[in-house]
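Novice: My questions will all concern the structure given below.
The values are calculated or read from the model by the stated rules, or taken from the named source; none is laboratory data. Just so we're clear, the structure is a prediction, and the values are computed from it rather than from any experiment. So basically every Cβ, Gly included, is an ideal-geometry build from the backbone, and we count neighbours across all protein chains shown.
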There are 2 protein chains.
Amino acid sequence: MGEFELIARHCTRAPRRAALGVGDDCALLDIAPGQQLAVSSDMLVEGRHFLPTVPPERLGHKALAVNLSDLAACGAEPLACTLAWSLPRADEDLVAGVMRGFWALADAYGVDLIGGDTTAGPLNLCITVLGQVPRGQALLRSGARPEDELWVSGTLGAARLALEAFRGTVQLTGEAFEQARRAMELPAPRVALGMALRGVASSAIDLSDGLAGDLRHVLAASGVGAEINVGRLPHSPLLAGQPETLRQSCVLAGGDDYELLFTAPPSRRAQVLAAAARSATPVTCCGRIVPGRDLVVLDDAGQQLEAPRGFDHFA
Amino acid sequence: MGEFELIARHCTRAPRRAALGVGDDCALLDIAPGQQLAVSSDMLVEGRHFLPTVPPERLGHKALAVNLSDLAACGAEPLACTLAWSLPRADEDLVAGVMRGFWALADAYGVDLIGGDTTAGPLNLCITVLGQVPRGQALLRSGARPEDELWVSGTLGAARLALEAFRGTVQLTGEAFEQARRAMELPAPRVALGMALRGVASSAIDLSDGLAGDLRHVLAASGVGAEINVGRLPHSPLLAGQPETLRQSCVLAGGDDYELLFTAPPSRRAQVLAAAARSATPVTCCGRIVPGRDLVVLDDAGQQLEAPRGFDHFA
């Protein structure tokens, strides 16, 4: 089966939101009056962002999920995406599996696949996602102010625990391993929470490279510092029986969490909790924004811990 | 130098058209009232779309040029793009070179780089380009009608000639080789022509996989057939001294031409020529659309030639 048949069979559906989908030189999309287009691209490389053992359905889910997570962090509503990928060969089982996982998530969020590219090469998936957000209401990294409270959605650390189990540095029971692996391979983008936080959160970012590193991006963009208490960070129940140092490094520097980290003035605490309830997403207050530029991480005894750096693909 | 420093140094400039550029989870872009967003993604893989010998500047140029060519084929005005790429290592010479070529072309067309991704992996560049076109005026593949004339911009075949010279199947003098190589590595997207053809052309496509294969996409989308005369196809002057079979295969199935192939009713011939003059782009009438579904290729003696298939990455 050739390139065009693979695309026709697995990647082409009539768009519901776009004016023109797959099949021409460009796709066409209308952006509603008063809305801004929000755009983000993420590239996933085999051996770097996913293991060769990942089931294709989960790979398709994750490739879209990490992009939707970027829209969530801006409070944008997903509209459509393009998928460009290189494959070592025209493996229909791989393509069909990836697209099953992709479509399940795309359908859940009403996202049209409107274009892309399919080529031969080492396995690599690049998705560009398009969303819309009312003009001036996007959540940015630059809006955090001293006194703001620091919030995080869901729980942290399970994806990193799975990675350590795959690496053999941690032993997990079969059930715990499956749960951790699901966290790593099937992250749930916090789209509903992001949209509910418009006009409530003062800043937001999604957690992809580890909380400490991602928080530093917010601090740098906002020109502020932060104090977080490691004991207040919502760790995955799977971490409960693990040594404290592993628990701390998984929640502070785990990566692949795809939760939202956001700030809001204390006066908006009730609005934050209402947004969380409306989007059925648990949120936890885990620290506060302070003057200065430093990130201070405290343990339960009030002792300062060394804050880990974020992930760098070339460090 | 790490990922974030590389991005900060070479990939970050203040946007001129976008509301928010590189540095947040999403970029933000306003689409003018009455305009539709046009979107296209292309992925370039080393050894497949470019040779390891390509100078980095030319690689950066080509990665953007092939995407702008898709906007040109729709008659869209370029606005912005994202660049996601994987690199074997943090090679600043490579990054700086690619970005020099990229920025030179981006500046020439007023294109903002508004986001993307930089990761480790086999060399792969994926650009998603965003443009705008007045609602309902995009040039589509589906608009060709019987009696329409078939037009092509520029000249064809030089990029394929360069590829054959690299492969050693053709010998070229030093000067001819350099010219052919420029055609392959520094294609000029026909953006001005595409915009000038709004309301004039009935259909359009850009030539990336070879004229015969790309024309078949137009015929399939429009439900029509075509007759082309090989002798009327504008071949590159570099092909003048080559054997007829090589000339024919380079112009019919060469690939990497990035010229526009378009149709227009004979009554609009003067408007086609005016659009070509306004955009300073040579155009040549090379055939016509006919009823049916077949592509008929005739030589100068009126004999029918076998029409080559287009390029398929997995065939």
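Novice: Is it the case, given these coordinates, that residue B:275 is closer than 17 Å to residue B:300 by Cα and either in the same structural domain as residue B:72 (by TED's automatic domain parsing) or surrounded by 23 or more Cβ atoms within 10 Å (Cβ to Cβ) (or both)?
Specialist: Considered against the rule, which asks whether it is closer than 17 Å to residue B:300 by Cα and either in the same structural domain as residue B:72 (by TED's automatic domain parsing) or surrounded by 23 or more Cβ atoms within 10 Å (Cβ to Cβ) (or both), residue B:275 comes out as no.
Novice: Let me ask something else about it. Out of B:104, B:158, report the one residue that is surrounded by 20 or more Cβ atoms within 10 Å (Cβ to Cβ), away from chain A (no Cβ under 12 Å) and within 20 Å of the chain's Cα centre (by Cα).
Specialist: Step by step, each of B:104, B:158 is checked, and only B:158 is surrounded by 20 or more Cβ atoms within 10 Å (Cβ to Cβ), away from chain A (no Cβ under 12 Å) and within 20 Å of the chain's Cα centre (by Cα).
Novice: Now for a different question. May I ask you to list the residues in segment B:286-308 that are within 22 Å of residue B:155 (Cβ to Cβ) and not hydrophobic (A, V, I, L, M, F, W, C)?
Specialist: B:287, B:288, B:299, B:300, B:308, listed by residue number.
Novice: Follow-up. Does segment B:221-232 contain any residue that is within 20 Å of the chain's Cα centre (by Cα), closer than 20 Å to residue A:25 by Cα and at pLDDT 95 or above?
Specialist: Yes, segment B:221-232 has at least one match.
Novice: Additional query: Any idea how many residues of segment A:5-32 are within 7 Å of chain B (Cβ to nearest Cβ) and crowded, with 20+ Cβ neighbours inside 10 Å?
Specialist: Qualifying residue count for the region: 7.
Novice: What's the total number of residues in segment A:161-211 that are assigned to a helix (DSSP H, G or I), surrounded by fewer than 23 Cβ atoms within 10 Å (Cβ to Cβ) and of a type outside the set (Lys, Arg)?
Specialist: Summing the residues that are assigned to a helix (DSSP H, G or I), surrounded by fewer than 23 Cβ atoms within 10 Å (Cβ to Cβ) and of a type outside the set (Lys, Arg) in segment A:161-211 gives 14.
Novice: For residue A:98, work out the one condition from (1) surrounded by fewer than 21 Cβ atoms within 10 Å (Cβ to Cβ); (2) more than 12 Å from chain B (Cβ to nearest Cβ); (3) more than 28 Å from residue A:262 (Cβ to Cβ) it doesn't fulfil.
Specialist: The one condition residue A:98 does not meet is (1).
Novice: Also, quick follow-up: Given the options A:116, A:131, A:136, name the one that is out of contact with any Leu (no Cβ under 9 Å at 6 or more places or on another chain) and farther than 18 Å from residue A:215 by Cα.
Specialist: Answer to the selection: A:136.
Novice: May I ask you to list pairs of residues, at least six apart or on different chains, whose Cβ atoms are under 7 Å apart, with the first in segment A:276-293 being part of a helix (DSSP H, G or I) and the second being not small (Gly, Ala, Ser)?
Specialist: From residues that are part of a helix (DSSP H, G or I), the pairs are A:276/A:193; A:276/A:282; A:276/A:283.
Novice: What number of residues within segment A:119-148 satisfy the criterion of being surrounded by fewer than 20 Cβ atoms within 10 Å (Cβ to Cβ), in a strand (DSSP E or B) and more than 7 Å from chain B (Cβ to nearest Cβ)?
Specialist: 1
Novice: Would you check if residue B:54 is part of a strand (DSSP E or B) and either modelled with pLDDT of 95 or more or of a type outside the set (D, E, K, R) (or both)?
Specialist: no
Novice: Here's something else I'd like to know. Specify the residue that is surrounded by the most Cβ atoms within 10 Å (Cβ to Cβ); the eligible residues are those in segment B:61-84 that are more than 7 Å from chain A (Cβ to nearest Cβ) and in a strand (DSSP E or B).
Specialist: B:81
Here's the yes/no breakdown for (1) farther than 24 Å from residue B:143 by Cα; (2) modelled with pLDDT under 95:
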{"residue": "B:156", "(1), (2)": "no, no"}
{"residue": "B:164", "(1), (2)": "yes, yes"}
{"residue": "B:170", "(1), (2)": "yes, yes"}
{"residue": "B:177", "(1), (2)": "yes, no"}
{"residue": "B:181", "(1), (2)": "yes, no"}
{"residue": "B:190", "(1), (2)": "no, no"}
{"residue": "B:197", "(1), (2)": "no, no"}
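Novice: Does any residue of segment A:227-240 turn out to be on the phi > 0 side of the Ramachandran plot and in the same structural domain as residue A:183 (by TED's automatic domain parsing)?
Specialist: Looking through segment A:227-240, none of the residues is on the phi > 0 side of the Ramachandran plot and in the same structural domain as residue A:183 (by TED's automatic domain parsing).
Novice: (1) more than 18 Å from the chain's Cα centre (by Cα); (2) among the hydrophobic types (A, V, I, L, M, F, W, C); (3) closer than 18 Å to residue B:155 by Cβ: which one isn't true of residue B:184, the others all being true?
Specialist: The failed condition is (1).
Novice: Out of the residues in segment B:38-55 that are more than 8 Å from chain A (Cβ to nearest Cβ) and surrounded by fewer than 17 Cβ atoms within 10 Å (Cβ to Cβ), state the one that is farthest from residue B:85 (Cα to Cα).
Specialist: Among residues in segment B:38-55 that are more than 8 Å from chain A (Cβ to nearest Cβ) and surrounded by fewer than 17 Cβ atoms within 10 Å (Cβ to Cβ), the one farthest from residue B:85 (Cα to Cα) is B:53.
Novice: Name the residue that is modelled with the highest pLDDT, counting only residues in segment A:1-15 that are touching a strand residue (DSSP E or B) at 6+ places or on another chain (Cβ under 6 Å) and of a type outside the set (Val, Ile, Thr).
Specialist: A:15
Novice: Being among the hydroxyl-bearing types (Ser, Thr, Tyr), surrounded by fewer than 18 Cβ atoms within 10 Å (Cβ to Cβ) and in the same structural domain as residue B:147 (by TED's automatic domain parsing): is that true of residue B:245 here?
Specialist: yes
Novice: For segment B:162-180, give me each residue that is over 12 Å from residue B:239 (Cα atoms), under 21 Å from the mean Cα position of the chain (by Cα) and free of Cβ contacts under 8 Å to residues at least 24 places away in the same chain.
Specialist: The one that is over 12 Å from residue B:239 (Cα atoms), under 21 Å from the mean Cα position of the chain (by Cα) and free of Cβ contacts under 8 Å to residues at least 24 places away in the same chain: B:178.
Novice: Any chance you could count how many residues in segment B:278-315 are within 23 Å of residue B:146 (Cα to Cα), surrounded by fewer than 16 Cβ atoms within 10 Å (Cβ to Cβ), of a type in the set (Gly, Ala, Ser) and at pLDDT below 90?
Specialist: Adding up the residues that qualify gives 1.
Novice: Continuing with the same structure: Is it true that some residue in segment B:18-40 is in contact (Cβ under 8 Å) with a residue 24 or more places away in the chain, in a helix (DSSP H, G or I) and not hydrophobic (A, V, I, L, M, F, W, C)?
Specialist: No.
Novice: Given the structure, is residue A:99 hydrophobic (A, V, I, L, M, F, W, C), touching a residue at least 12 places away in the same chain (Cβ under 8 Å) and in contact with a Ser or Thr (Cβ under 6 Å, 6 or more places away or on another chain)?
Specialist: no
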